[in-house]
1. Taking the Cα-to-Cβ direction at Val29 and at Ser240 and moving 7 Å from each Cα, how far apart do the two end points lie in nm?
2. Between Val139 and residues 5 or more places away or on another chain, which pairs have amide H atoms under 5 Å apart, with H built 1.01 Å from N, and which residues are they?
3. May I ask you to list the lysines whose Cα is less than 19 Å away from that of Lys182, ignoring any residue fewer than eight positions away on the same chain?
4. For Phe224, enumerate residues with amide H under 5 Å from its amide H, sequence gap 5+ or separate chain, H modeled in the peptide plane.
5. Indicate the helices, whole DSSP H runs only, in the chain that combine a mean Kyte-Doolittle hydropathy of 0.0 or more with a Cα extent along their long axis of 18 angstrom or more.
6. Just rank Leu243, Leu20, fewest to most, by other beta-carbon atoms within 10 angstrom.
7. Report, in deg cm²/dmol and to the nearest 500, the calculated mean residue ellipticity at 222 nm for the chain, where each DSSP H run with n ≥ 4 adds -39500 (n - 2.57) and the sum is divided by the residue count.
8. List the GluC sites (Glu not before Pro) within the range 194-257 that DSSP assigns to loop and that have no more than 10 neighbouring Cβ atoms inside 10 Å.
Amino acid sequence: MTLSDKVATFLKLHTDPELLVLVNVWDAVSAKVVAETPGCRALATASHSIAASYGYPDGEQIPLDLMIDAIGRIVAAVDIPVSADLESGYGDVADTVRRAIGVGAIGANLEDAMRPLDESVAAVSAAVNAADAEGVTFVLNARTDAFLKAGERDPEAVLAEAIERGRAFLDAGAACVFVPGKLDVPTVRRLVVGIGERKVSLIGVPGSVPSSELQRLGVARLSFGPWTQRAALTALQDLSSDLFAGGALPEGVRPLN
C-alpha cells in the first residue's frame, strides 16, 4: 500500500459502521504478530510500551530520536496503516508530526494533558498544519485527559469539559477525539452525542464496556494502550514461573515468520 492508500484506508475505517479495534504494538515483532492476525486492519503504537521496552518511564522520557526510530521500524515491518502515539508532541508538535510522517505514520495520538484549552487547540492546529505542509491527510486522534485528571471534580463538569475540548479539537482539524478512562455506558453515550457519532475514540481496560456495545453506541475506535504489552509480559512471567518450577513449554507455541 502507498502512503495515500494507507491514509484513505485508515480514514474509511473511522467512518465505517464497524468499530475500529486497534491492538497497540511496541516493536517490529509485536507489529508483525498483530498485523498477521485475522481481523487486523490497522495498527497503533503505544508510547508507554515503546518507552518501557527501552527502559524509560512514560511521559516523554524516552529520547524523541529513539521513539521515532521505533515507530519507523514498526511501519517498515507491516503493510497496513500505522498510527503513532506522539504523547504531547515532545516540545515541538509540528516537528514531531513531520518526523512521524517521515517514517511512514499516517496518523497520531496527541495528548492535551489538560493544558489551557487555547494551548491545546493550538497544538492540534500545529499538528494538522504540519501534515498539510507535508501533503498528507493526517488522521489525528486528539486526546483529552479530562477523565484521567478529574480528581474529585464533579462528574458532570468533567463530562462537559471533555465534550467542549473534543468539539474544539475537531474544529481545529482532528479526525477523532480520544477520551481515555474507565467509562460507563451512560457516559459513553453522552460523549458520542456531545462530540459526534463515529468521532469518539476510547481505551479498553479491564472491566470496560464491551466492544460490541461501543459499536452500537456509535464509538469510532477502540485501542488498548499499554495493556497489550502488560498482557504479553504477564504471559511471559507466568511461563517463566512454570519453567523455573520444572515445567515445559506448552503445546501449540507457534513459530514467528
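Every number in this text was worked out from the coordinates using simple rules, so none of it is lab data. As the structure is a computational prediction, the values presented were derived from the model and not from experiment. Reconstructed Cβ throughout: ideal geometry from the backbone, glycine too, with neighbour counts over all protein chains shown.
1. 1.4 nm
2. Gly107, Ala108
3. Lys149, Lys199
4. Asn24, Gly204
5. 3-15, 64-77, 117-133, 155-171, 227-244
6. Leu243, Leu20
7. -15000 deg cm²/dmol
8. Glu251
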